[in-house]
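In what follows, a structure is listed as structure tokens, so that the remarks can point back to it.
Since every read-out is calculated from the coordinates, none of them should be taken as a lab result. It should be emphasised that the depicted structure is a prediction, and the values quoted were computed from it without experimental measurement. In this analysis, Cβ positions are derived from the backbone assuming ideal geometry, glycine residues included, and neighbour counts consider all displayed protein chains.
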Amino acid sequence: MEVLGYFAAALTPFNLALALAGVILGTIIGALLGLSATMAVAVLVPFTFAMAPASGLIALGAIYTGAIYGGAFAAILVNTPGTPSSIATTFDGYPMAKRGDGGLAVTLATIASVCGGLIGAVSLILLAPPLANVALAFGPTEYFWLAVFGLTLISALSVGNTVKGLIGACLGLLLSAIGVAVVGGDVRYTLNSQMLLGGIDITSALIGLYCVPVIIDLVATKAPHLKVIEVEQGIRFFEALRLSMTRKFNLLRSSVIGTAVGILPGAGGSIAGLIAYSEARRTSKHPERFGTGEPDGVIATESANNATVGGGFIPTLVLGIPGTPPDAIILGALLVQGIKIGPTLFNDQADIVYTFMFGLLIATILMLPIGLILGRYAYKFIIRVPKSLLVPTVAFLTILGSFAIHSNPSDMQMMFVLGVLAWILERYGFAPSPIVLGLVLGQIAEQGFVQSYLIGNAQDAIIEMFFGRPLSMAIIAFALLTLFYPLFTSLRRRRRKAPPSEATDLVVKADKATLENYRDVPAIIFGALFIGLGVLAYMETRDLSPMGAVFPKTLSVALVLFSVMLIAFQIGRPAARKKQADPAAVKPSNIRRFATIVIMALWVALLPMVGFFVTSLAAFFCLTAVASFARPSARTIFTYMIVATAIVGTFQVLMANVLLLRMPAGLLF
């Protein structure tokens, strides 16, 4: 009966209103590039101190779960994860949107997010104390192998071009090593620049690696960003529900994976989504469809990353160990409210903690109608916005999002540099996804590896430390299975003489010459460049301590070896035949691409000196002109000016007066 009382307390009108407002606000924040769940929770924590403890926690939990879900909107509609948890959603969500199934993809993400969130919340309510012991069983060795497990997804992403995928992963891992070492405190690869001392921020890097190449290519042709469907299809709820039910095992398995990974401090939704995606692909009857717009990929990722919300609260409430940055902020709010964290919490202050848990459950259920309503209009809005407005708006959000993370122009500039490099690499077969995996998992892998090495060396049992623990062996077995499964299916396909897998945006792209076994000259050039980069990276470790040098040294050697393999595979191939241009094909405008790069470069360079509002407004107008293929009328120009001023001005006020961010003190307003 007490449980019903806690549930009734969560259903009071005030708590329901907080849950509803929190989910809406969190979803919108999650969909905006760079405005993370951590920022939303941190900004709103002081407002909860005037509320009852349970009500304040419900508001924070609703914002958190809404923001994790909201990241799917940007991932599906503009191919950029709104939050790091939605990295794997881009793999199939964006291809679905490109072929005209964006509404279906958003609805699938909504259903999967709600189901995953419910399983995570129910696990929190029923199994919190026993499941917290799982977190204690994971040591540094298990974290290292868990990161390796996530990296094995590269083999699935790189079907037909695995070596380029492995090189991309090494680049991402080396990027993660920039700055102060997570173990030992060595300063690495900063080029004596204070901008690199803190390392590369993951969120700004994600925005650059995924979004900037999309912006540059958007202006190249008149073709629409997403396929426009002539017949109104709406959110396609019943179709999405049917697809979800036929894939219920994937939905359940991914939710359990998300809950389990959420329990592990520091793991978070990005690892959960990647592991769930990898398992969904491995167990699928049609793994070759992943990356081409397979619903299973969206279902796996979104159910897993939302399940981590409930899972992450288990060690937070039982052990006082936050699983993610938002959990850490909410833990601080709990302590300020005078709530004592630990196993006795469920007895001494059961009314607060269980009311909060049921409130989180209610907020998760509210995501379904909210997500369907927002999803219905988000996709229709995106496909109907003219490219001349869409391009500058998305570019503005990339600048805004990367700056707002730390109010640091350096993050914005690094975002742009990484974005241009990603665009160049992607043109020659090096997709951004493996680079992102390396960057996201690098610090977790390094910390686990170095700590395990130190412990094993002290006990004179290094081999036993890495390969002698049951949990580690189980993770290694799954990693090997994931790593070699694509090879097994490829061999089986060859025996059956089936057609090869389709290369897609997710699968590391190779041009036709590579797919036809002709020599890929750009690959040889890039291979030579990466060999030089690997040698330089290795030489830079000479003055580091053994703890700080072991990981980047290993990565440098791996980068050189994979680059040599790439060159060796190409040298023996015949020269590519000269391809005749298709007269019917629309030639992309490289002048517009170059103009976009120049405008964005000036934008990020001048913004700290001139000011946010003036610089952003001028860049907005310039990008509008670049993205316009027809001469606009005077009325259209006036409309664009009003829209640009409204967008830039609204966010200027929001950031300066609501989020209280430190805006650059430029020469102008």
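Per-structure values
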{"item": "Per-residue Cβ neighbour rank within 10 angstrom, fewest leading, Lys98, Lys587, Lys164", "result": "Lys587, Lys98, Lys164"}
{"item": "Label-point separation in nm, Phe14 to Leu197, each point 7 Å along Cα→Cβ", "result": "4.7"}
{"item": "Highest average packing first - 535-543, 393-401, Cβ atoms within 10 Å", "result": "393-401, 535-543"}
{"item": "Modelled FRET efficiency - R0 56 Å, Ala137 with Ala625, Cβ distances, 0.05 increments", "result": "0.45"}
{"item": "Bins of 10 Å, starting at 0 and running to the largest distance - Cα pair percent for the stretch 590-658", "result": "19, 45, 30, 5, 0"}
{"item": "Euclidean distance of C-alpha centroids, the stretch 590-653 and the stretch 539-573, integer Å", "result": "42"}
{"item": "Fewest-first ranking of Ile455, Ile463, using other Cβ atoms within 10 Å as the exposure measure", "result": "Ile463, Ile455"}
